[in-house]
Amino acid sequence: MADESTKPVAIRLQAAGHRVTRPRLAVVAALRELGGHHTADEVHAHLIRQNTALPRTSVYNSLVLLADLGLVMRADIGPGAVVYEAADGWHHHFVCRSCGSVHDVPCVIGTPPCLSPGADVGQVDEAQVIFRGICRNCLGDAQ
């Protein structure tokens, strides 16, 4: 069922005790094809355009599981829908207040959690940093 591009995902799903299903593999493949940051609805629309008919619920459920397992990255970039991406390494995000574009920002440490809350709140799995401002393209347009 898995091709060479999704084989590592299949192996990690099995290792985590989850089934390797067509929807899960299709969602990972779609994120890789799309590149960048996309909502579940955008992933679903891409799959429909590619003649991969999956219920919207299957796409949402697959994205949640894949993100929980660290097979895709989930970023809460502010108001609106959460975005997902096929990421090979931990990083942060910059969101442009003008055009809404989302850019990857390398993490100095490279693995989660890269920050500490500074208080004993329990076990921290990850810390997401969202930088906000005006991107280079919009700054260039303003000059």
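The values are calculated or read from the model by the stated rules, or taken from the named source; none is laboratory data. Every value quoted in this text rests on a predicted model; they were computed, and no experiment measured them. Positions of Cβ are generated from backbone atoms using ideal geometry, with glycine treated the same way; all protein chains shown enter the neighbour counts. To get the accessible areas, we keep the full protein, side chains included, count just its heavy atoms, and leave off ligands, DNA and RNA. Shrake-Rupley method; radii C 1.70, N 1.55, O 1.52, S 1.80 Å.
The H on the amide N of residue 92, modeled in the peptide plane, is under 5 Å from the matching H of 105, 107, each at least 5 residues off or on a different chain.
Using a 1.4 angstrom probe on heavy atoms only, work out the carbon and sulfur share of the accessible area of segment 34-106 in %. Here carbon and sulfur together make up 51 percent of the probe-accessible area.
Could you grab the relative contact order for segment 4-143? Cα pairs under 8 Å, six or more apart, rounded to a whole percent.
Numbers: 174 pairs, mean separation 25.3, N = 140.
Relative contact order here is 18 percent.
Over the chain, all Cα pairs binned in 10 Å intervals from 0 give whole-percent P(r) values of 11, 36, 34, 16, 3, 0, listed from short to long. Amide H contacts under 5 Å for residue 39: 84, restricted to partners 5 or more places along the chain or on a different chain, H placed in the peptide plane at 1.01 Å from N.
In this structure the chain gives 60 Å² per residue of accessible area when probed at 1.4 Å with all protein chains present.
Divide by every residue of the chain the summed helix terms, -39500 (n - 2.57) for each DSSP H run of at least 4, and state the resulting mean residue ellipticity at 222 nm, rounded to the nearest 500 deg cm²/dmol.
Details: 5 runs with 52 residues, N = 143.
It comes out at -11000 deg cm²/dmol, rounded to the nearest 500.
What's the longest bit of the chain with no exposed trypsin sites (Lys or Arg not before Pro), using DSSP loop states and at most 14 other Cβ atoms within 10 Å as the test? Could the numbers behind the result be given before it?
Working: sites that count: 19, 97.
Here the longest run is 20-96.
Taking every alpha-carbon pair under 8 Å whose residues sit at least 6 apart, segment 68-139 reaches a relative contact order of 29 percent. Computed from backbone phi, the HN-Hα couplings of segment 39-50 come to 6, 4, 5, 5, 5, 4, 4, 4, 4, 4, 4, 8 Hz, rounded to whole numbers (Karplus: 6.51 cos²θ - 1.76 cosθ + 1.60, θ = phi - 60°; Gly and Pro given as x).
In sequence order, segment 124-136 has phi-based couplings of 9, 8, 7, 9, 9, 10, 10, 8, 10, x, 10, 6, 4 Hz under the Karplus curve 6.51 cos²θ - 1.76 cosθ + 1.60, θ = phi - 60°, and Gly or Pro positions carry x. Note that segment 101-108 has calculated 3J(HN,Hα) couplings of 5, 10, 10, 6, 10, x, 8, 4 Hz, one per residue in order, obtained from phi through the Karplus relation 6.51 cos²θ - 1.76 cosθ + 1.60 (θ = phi - 60°); glycine and proline are x. Residues whose amide H comes within less than 5 Å of that of residue 114, counting only those at least five positions distant or on another chain, are 127 (H built at 1.01 Å from N in the peptide plane).
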